[in-house]
Amino acid sequence: MKTNMSSKITLTKIPKRFYQPENAYEYSVLARFEKIPTFIYRQDEEGARAVAEEVAEQIRFSRDRSCPFVLALSGGRSLRKIFAEWIRLYREEQLSFKKVIIFLIYEFYPLEGTAAGNLARLKEGFLDHVDIDPANVHYPDRFMNEDSIHDLYRGYDKQIEAAGGIDYLVSGVGHSGGIGFNGPGSSVSLRTHLVMLDNESRKKAARAFSQVPFSVVTMGLGTILKAKNILLVAWGEGKSRDVRCLVEDTPNGALPAAYLQNHTGAKLIADLQAVGELTRISYPWLVSTCEWDNKLIRRAIVWLCGLTGKPILKLTNKDYIEHELGELIALWGSAYNVNIKIFNDIQHTITGWPGGKPNADDSNRPERATPYPKKVIVFSPHPDDDVISMGGTLRRLCDQHHEVHVAYQTSGNIAVGDEEVIRYCEYLRDVCSKYTADETVKRKAEEIIRFLRYEKTSGRPEPPDVLFVKGTIRREEARTACRYSGVKDENVHFLDLPFYETGMIKKNNLSEADIDIIKKLLVDIRPDQMFVAADLSDPHGTHKVCLDAVLAAVDDLKDENWLKQCRIWMYRGAWAEWEMDHIEMAVPISPEELRFKRNAILKHQSQAESAPFLGDDERLFWQRAEDRNRATAELYQKLGLASYEAIEAFVQYIPARD
């Protein structure tokens, strides 16, 4: 079972020499804009293995010298695969952790119980599975009296010094280029200290806590910079902007992790998705000769248009030469030849017929004319991603008479606020009081209201009855939005994938049961066209798991003749949009269609004002969707193409063949 296929999606063919240079000289040339050693792996599994093995080698070396090995670790999701590899090395290769001393980089404060916090996650994911001595695990006291907090700071740093200092510090890259919980404005001389969590940090912590603490005790930059070796890790495109700032920007108070550029033992280990904005990956023509293909040429031209403020067809030979793109002139003869090629290439992405235009020449269209009408499945991770991300396209597919199915992969029940449930249960109680003598439903509604108001405690799964009501609210909102968009009731499918149904923010791993549910739907419908969510920057990770589930099902069925004929289109959600060089289908949205899309999003009333997982963006989902779609249309216009109110963009996914 392949459960991590989304990490293998490569939108741009990046020659290996750009991310894994063959020698030190080549690395120096390609990485000349980089201020911290950066080691890039195609996938996060490879990078995690490299980090785990480097530390394991040092643990063995220290053991052979009968010396303790001091290791500082952060929490979060970035280190999970490293932990898994250390556990494997312990079980299969006798890597012992008996003489390893652990210091947590941070711990939340105050905490209500031992089941919460960074230590609890570290124990669950790593410490409880190896032979480490519990006495060697050090962490800030989560329950210390507030009057003693300053003693805690000084005591923690003294413990580190007494252990001989930190040999290796391993941490993920935090938001806004933070490390530990040293955010923008942190002093480089700070030692262990208390930080009040800002709104963004609290939102990220909400992935692991039902009731998020207000503060955290963290090693300061002064403590961190004393570590002998520092390994920063970054996985996934959601880290790409922070990685670029960390690696290429000048150190300053607004970017704390960039101070590590001055540390001789610091380096970054990342996968290709996380380094997507580094110069050698994103703008390779600035550091070396390139292997030019259509996508790279398109990226270069869009970049050049942005620098010069010119549309494509007004770029000149002088513009190319002055901005390190003279190589394209040499290859194509003139600016005009390159301009017209890329202009036509981008022009051909635009279509008002996302399901293909019947009885039309489709040689320059992104979708085939036949078959018509098509059987279409739109996979939506949560019961609103379909209308948020491609609501205009969804409506157009229905209006153009395709057989459109929408498959909601998860119930989305944990994203419904308790106030919503209480309101619906009070309505249900009052209706039952008037119209039925049976007290069963009324009593159940009153039980749920009482639980949510007076009995609910953080950190525990909600009862099945509460989850049922929350899931039902989202189901009926989704049905309403589908009807409004033109999807027939019988074509709305609620898959309720098992990995999601934990009743907690933390979800289970993807399993065969999840993939089998999607395979059954695909086999039953045998679609001609599929749309899948490929936005991997969502704040809770569900989108990635849902995408992995679909891609795993597709991989299992890829030899079926009907699937070989099926086009798979990837859309993006409410957090990011496809870059221009990747867009392969652009569906224009008129002002009226954009208004319809907004109304469809607003049918999801429980998510309208108080959705708990808005991410870094404070705008409501309909606002950010409209702004994103308008921005894409504006970019097309600036490049010299037609002016539209808004555009929804898609990229084709082609299943890999063994």
For region 204-328, what D do you get in µm² per second when you plug the Kirkwood radius from alpha-carbon pairs into Stokes-Einstein at 37 °C and 0.692 mPa s? 185 µm²/s
Considering only DSSP beta bridges where both residues belong to the chain, give the percentage that are antiparallel (nearest 5). 30 percent
Obtain the radius of gyration and the Kirkwood radius of the chain from its C-alpha atoms and give Rg over Rh. 0.98
Can you tell me what the convex hull of the Cα atoms of region 318-367 projects to on average, as an area in nm²? 4.5 nm²
Amide H contacts of Val173 (H built 1.01 Å from N, under 5 Å, at least 5 apart or other chain): Val233
Can you compute the radius of gyration and Dmax for region 391-437, using only the Cα atoms, both in Å? 18.0, 48
Testing the spin-label approximation: label points 7 Å from Cα along Cα→Cβ at Ser643 and Thr308. State their distance in nm. 2.2 nm
Quick check: the distance between the Cα centres of region 453-516 and region 353-406, to the nearest angstrom? 25 Å
The FRET efficiency for Ala656 and Glu439, from their Cβ-Cβ distance with R0 = 60 Å and rounded to 0.05, is 0.55
Considering only protein heavy atoms and a 1.4 Å probe, what is the carbon-and-sulfur percentage of the accessible area of the chain? 50 percent
For region 449-528, the Cα gyration tensor yields equivalent-ellipsoid semi-axes (√(5λ), largest first, whole Å) of 29, 20, 8
Considering the Cα positions of region 39-90, please state its Rg to one decimal place and its Dmax as a whole number of Å. 11.9, 36
Per residue value of the accessible surface for region 342-412 (all protein chains in place, 1.4 Å probe), Å²: 30 Å²
Pull up all non-local amide H partners of Val70: gap of 5 or more, or a different chain, and H-to-H distance under 5 Å with H placed in the peptide plane. Ile101, Asp167, Tyr168
For region 471-573, dividing by residue count, accessible area per residue (probe 1.4 Å) in Å² works out to 37 Å²
Going residue by residue through region 217-224, the Karplus relation 6.51 cos²θ - 1.76 cosθ + 1.60 with θ = phi - 60° gives ³J(HN,Hα) values, rounded to whole Hz and with x marking Gly or Pro, of 9, 10, 4, x, 4, x, 5, 4
If amide H atoms are built 1.01 Å from N in the plane of the peptide, which residues on other chains or at least 5 residues away come under 5 Å of the amide H of Val137? Ile102
Per residue, how much accessible area does region 247-314 have with a 1.4 Å probe, in Å²? 35 Å²
Taking Rh as the Kirkwood radius computed over alpha-carbon pairs of region 341-403 and applying Stokes-Einstein at 4 °C with viscosity 1.567 mPa s, one gets a diffusion coefficient in µm² s⁻¹ of 101 µm²/s
The Cα extents of region 255-361 along the principal axes, largest first and rounded to whole Å, are 63, 39, 25
By per-residue mean of other Cβ atoms within 10 Å, what is the highest-first order of 65-73, 586-594? 586-594, 65-73
For the chain, what does the helix formula give at 222 nm: sum of -39500 (n - 2.57) over DSSP H segments with n ≥ 4, over the residue count, nearest 500 deg cm²/dmol? -12000 deg cm²/dmol
Starting at the first residue of region 367-376, write each ³J(HN,Hα) from the Karplus equation 6.51 cos²θ - 1.76 cosθ + 1.60 with θ = phi - 60°, in whole Hz, x for Gly and Pro. 10, 6, 6, 10, x, 9, x, 9, 8, 10
Largest first and rounded to whole Å, the semi-axes √(5λ) derived from the alpha carbon gyration tensor of region 347-470 read 46, 17, 10
Determine the order of Phe451, Phe531 by accessible area, beginning with the largest, at a probe radius of 1.4 Å. Phe451, Phe531
Cα-Cα pairs in region 559-604 separated by more than 14 Å, as a whole percent of all pairs, come to 70 percent
Rank by packing, highest mean first: peptides 558-564, 95-101, 168-174, 328-334, with packing defined as the count of other Cβ atoms within 10 Å averaged across residues. 168-174, 95-101, 328-334, 558-564
Per residue of region 78-83, in order, report the coupling 6.51 cos²θ - 1.76 cosθ + 1.60 (Karplus, θ = phi - 60°) as ³J(HN,Hα) in whole Hz, putting x for Gly and Pro. 5, 9, 4, 6, 5, 4
Extension length gain for Glu45 and Ser334 (0.36 nm per residue less Cα distance), in nm, is 99.7 nm
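The values are calculated or read from the model by the stated rules, or taken from the named source; none is laboratory data. Only a predicted model underlies this, so the values are computations on that prediction, with no experimental measurement involved. Note: ideal-geometry Cβ built from the backbone for every residue, glycine included; neighbour counts use all protein chains shown. Ligands, DNA and RNA are stripped out before the accessible areas are found, and what is left, the full protein with its side chains, is counted by its heavy atoms. Shrake-Rupley method; radii C 1.70, N 1.55, O 1.52, S 1.80 Å.
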